[in-house]
Amino acid sequence: MAESILKDKKEILSCAAYLEGEYGFNDLFIGVPVKLGANGVEEIIAITLTDEEQTALAKSADAVSELIEALKKL
């Protein structure tokens, strides 16, 4: 990741990115494919997910949301 940013390689890598509507999620950091370059996340890559993959991603997003809510109560 660091090499892609430092050398502006614009590689497609999986990393946690802040979603604003991508994949149907808002205001969450979720691991998705992104283009990484000198500006960090330069593009979130949209890929077509199967129903099973979309369900798994939604389950993961729910877990992240639950953790955020639990942390807010601390």
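Key figures
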| item | result |
| --- | --- |
| Of all residues making up region 29-60, the number that are within 11 Å of Ala17 (Cα to Cα), among the small types (Gly, Ala, Ser) and in contact with a Ser or Thr (Cβ under 8 Å, 6 or more places away or on another chain) | 1 |
| Residue that is farthest from Ala2 (Cα to Cα) [pool: residues in region 30-51 that are β-branched (Val, Ile, Thr), free of Cβ contacts under 8 Å to residues at least 24 places away in the same chain and not in a strand (DSSP E or B)] | Thr50 |
| Residue in region 1-29 that is nearest to the chain's Cα centre (by Cα), counting only those that are more than 21 Å from Glu69 (Cα to Cα), part of a strand (DSSP E or B) and of a type outside the set (Asp, Glu) | Cys15 |
| Flag for Ser60 being within 10 Å of the chain's Cα centre (by Cα) and either part of a loop (DSSP other than H, G, I, E, B) or without any contact (Cβ under 8 Å) to a residue 40 or more places away in the chain (or both) | no |
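Residue-wise test of (1) modelled with pLDDT of 95 or more; (2) surrounded by 13 or more Cβ atoms within 10 Å (Cβ to Cβ); (3) at positive phi.
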position: Lys10; (1), (2), (3): yes, yes, yes
position: Gly21; (1), (2), (3): yes, no, yes
position: Glu42; (1), (2), (3): yes, yes, no
position: Thr48; (1), (2), (3): yes, no, no
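The values are calculated or read from the model by the stated rules, or taken from the named source; none is laboratory data. Here the structure is a predicted model, which is why all the values come from computation and not from measurement. Every residue, glycine as well, gets a Cβ built from its backbone with ideal geometry; the counts of neighbours run over all protein chains shown.
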